[in-house]
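To keep things clear, I will list the structure first and then write my remarks on it.
The values are calculated or read from the model by the stated rules, or taken from the named source; none is laboratory data. Because the structure is a prediction, the values reported are computed rather than measured. Ideal geometry is used to build each Cβ from the backbone, glycine not excepted, and the neighbour counts take in all protein chains shown. Calculation scope for accessible area: heavy atoms of the full protein, side chains included, ligands and nucleic acids excluded. Shrake-Rupley method; radii C 1.70, N 1.55, O 1.52, S 1.80 Å.
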Amino acid sequence: MEQDTSSKLSLDEIHTRMGMIVTAEGKARARRRLRETAAARDHDARAAFIARLRAGQA
């Protein structure tokens, strides 16, 4: 099944069409969670893990 990508809808418009109500408070909460998750990410450990996977050691 193919998706119609010819129209450029905003994320708010997509949510509205899906019947979802998105508030400014909800958007702020989601942005905060994304920032917290990004800050908690250990990039060095992830890079080491990927290197072990590629070397066949994980």
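Only a single criterion out of (1) open to solvent by less than 90 Å² (accessible area, probe 1.4 Å); (2) modelled with pLDDT under 90 is not satisfied by Thr23, namely (2). Of all residues in the range 12-22, at least one satisfies being out of contact with any His (no Cβ under 7 Å at 6 or more places or on another chain), assigned to a loop (DSSP other than H, G, I, E, B) and either in contact (Cβ under 8 Å) with a residue 40 or more places away in the chain or at positive phi (or both).
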